[in-house]
Amino acid sequence: MSPQSTPDPGIPGKNPARSPRRQGAGGRRRKPATGRRKALVAAAWTAAGIVVLGGAGAGFLYFKLNDNLKTVDINQALGTDRPGKAGNGSENILVLGSDTRSGSNKKLGGGTDDGSARSDTAMIVHVYEGHKKASVVSIPRDTLVDRPECTDAKGGTHPAAQNAMFNESYGTGGAACAVKTVESLTGLRMDHYLEVDFSGFQRLIDDLGGVQVTTTKAIHDPNSHLNLDAGTHTLNGQQSLGLVRTRHGVGDGSDLGRIQLQQAFVKALIDQVKHVGLFTDPKKLYDLADTATKAVTTDSDLGSVNSLISFADGLKGISSSHMSMVTMPVQYDPADPNRVIIEQTKAHQVWTALRNDRSIPRTATQGTATGEAKGVVSAS
């Protein structure tokens, strides 16, 4: 993919030879950025399917970063048998965190590199008309679903399956199958797709200088290599990855508890990007832009730097205080406590609200299964 923009001669950092990235100092809060433009808008989350894709407005125009981007043509793979687009400017974005163990992800994720991957985290981000607020619905990876027949990006067809784990959709047919499954579950069209893997998430947090959170309880989980005492911490990339992946260090040990930690981390991350001061540090801006565009895989409609600028610019008015975060209504499977099943009546309330561009009613999540980790992590 050829670059679509040319650096301004006076912009530092245009030289492709890059010096090492600077890591943020642990425990140190960063001063708010000056000027009228705010740095980065959080648009994607992972590894958890929690990740940030930064949109620094016009700053991206100065960098030849198109070649970093990886794309998948969702529209071509799924064809026309899909829910219709909303006509009021609202959008749905499926954000996935891939748990592939290949390459540099093997050391971070552990396990065997068997050439496969699953969606470790999945979030539907619904941006309301006017792009001033959003709702985020996390889909537990252990949810048992009826997966529809789907075609992957290479044209391969995969048969439908009943009572399949949700995260196996990605492993079966890649991004296109994951999108098809989500659209089948919700009746909502996914207008865009964003994916990030372990190593991309870690590098992105390090380039941001870390994320400050407060934990109300100690979290010690040897499986995710996380050791945090109660208190305030500035988490580096490795610690952040450990936090959004831990399920045994806090709560009831379920994926639902991990989702509660992920949602709290996302809000802290959104608050953090407002204090990075990128426009006073062009090298940091370049490093972050370079990392972000290498970290993500997008649908083909977002497959250029200019498209990402436009997309992110449309989200910059959404702060963490204008973002509602819930988990898809589920109950523990009576036959297997390690799996969850959809609470169909309540889930219908969620999808109906988003389809009509309305706030998700509180009744939609009352009485559903939780992971007992709410309030353990908060933004500092």
(message) Please verify whether S359 is more than 21 Å from R141 (Cβ to Cβ) and assigned to a helix (DSSP H, G or I), treating the condition exactly as stated.
(response) no
(message) Condition check: closer than 30 Å to V179 by Cβ, in contact with a Leu (Cβ under 9 Å, 6 or more places away or on another chain) and in contact (Cβ under 8 Å) with a residue 40 or more places away in the chain. Does L256 satisfy that?
(response) no
(request) Given the conditions (1) farther than 19 Å from T143 by Cβ; (2) assigned to a helix (DSSP H, G or I); (3) open to solvent by 50 Å² or more (accessible area, probe 1.4 Å), report the number of the one that K316 does not fulfil. (result) (2)
(request) Residue by residue through segment 184-203, note down the ones that are open to solvent by 30 Å² or more (accessible area, probe 1.4 Å) and of a type in the set (A, V, I, L, M, F, W, C). (result) L185
(message) For G173, only one of the following conditions fails: (1) of a type outside the set (A, V, I, L, M, F, W, C); (2) free of Cβ contacts under 8 Å to residues at least 60 places away in the same chain; (3) open to solvent by 10 Å² or more (accessible area, probe 1.4 Å). What is its number?
(response) (3)
(request) Output the residues belonging to segment 354-369 that are in contact (Cβ under 8 Å) with a residue 40 or more places away in the chain and either surrounded by fewer than 17 Cβ atoms within 10 Å (Cβ to Cβ) or acidic (D, E) (or both). (result) D357, S359
(message) Just checking, does segment 283-294 include any residue being touching a residue at least 60 places away in the same chain (Cβ under 8 Å), buried (at least 18 other Cβ atoms within 10 Å of the Cβ) and out of contact with any helix residue (DSSP H, G or I) (no Cβ under 8 Å at 6 or more places or on another chain)?
(response) yes
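Output the helices (runs of 4 or more DSSP H) that fall wholly within segment 229-310 and possess 2 or more residues being of a type in the set (A, V, I, L, M), touching a Gly at 6+ places or on another chain (Cβ under 7 Å) and at pLDDT 90 or above, or say none.
Once the helices (runs of 4 or more DSSP H) in segment 229-310 are filtered for at least 2 residues that are of a type in the set (A, V, I, L, M), touching a Gly at 6+ places or on another chain (Cβ under 7 Å) and at pLDDT 90 or above, what remains is 255-272.
The values are calculated or read from the model by the stated rules, or taken from the named source; none is laboratory data. Note that this is a predicted model, so its numbers are computed, not measured. Don't worry about glycine lacking a Cβ; one is built from the backbone with ideal geometry, like all the others, and counts go over all protein chains shown. Ligands, DNA and RNA are stripped out before the accessible areas are found, and what is left, the full protein with its side chains, is counted by its heavy atoms. Shrake-Rupley method; radii C 1.70, N 1.55, O 1.52, S 1.80 Å.
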